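Notes to accompany the following structure.
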Amino acid sequence: MQDFDYEIDVKGLQCPLPVLKARKRLMSLNYGESLKILATDPAAAIDFPHYCAESGNELVSHYEEAGVLVFIIRKTHAK
């Protein structure tokens, strides 16, 4: 079962681009929908939790799979 509504691939992009691209995509989602983000920038492990804390969106999960950082964020705020 899929635990997200949409997915973006930001592998190969460096800070701050992964968060900026995810933020832009999240803005188009409806409240309650979720976005899966695939990233390879090690800074993303710090940037996405910080972004969620600042924006009010929910970091549902964060894990690494085959060298790729995976984040699931649920839209819960307008920012």
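Quick note: the coordinates plus some simple rules give every number you see, no bench work behind them. Every value quoted in this text rests on a predicted model; they were computed, and no experiment measured them. In this analysis, Cβ positions are derived from the backbone assuming ideal geometry, glycine residues included, and neighbour counts consider all displayed protein chains.
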Working carefully through the options Tyr31, Tyr63, Tyr6, find the one that is among the aromatic types (Phe, Trp, Tyr), surrounded by fewer than 17 Cβ atoms within 10 Å (Cβ to Cβ) and in contact (Cβ under 8 Å) with a residue 40 or more places away in the chain. Tyr31
Inspect all residues belonging to region 44-60 and state whether any of them is more than 13 Å from Phe4 (Cβ to Cβ), out of contact with any Asp or Glu (no Cβ under 9 Å at 6 or more places or on another chain) and in contact (Cβ under 8 Å) with a residue 40 or more places away in the chain. no
Extreme residue, farthest from Gly56 (Cα to Cα), among residues of region 1-38 that are part of a loop (DSSP other than H, G, I, E, B) and among the small types (Gly, Ala, Ser): Gly12
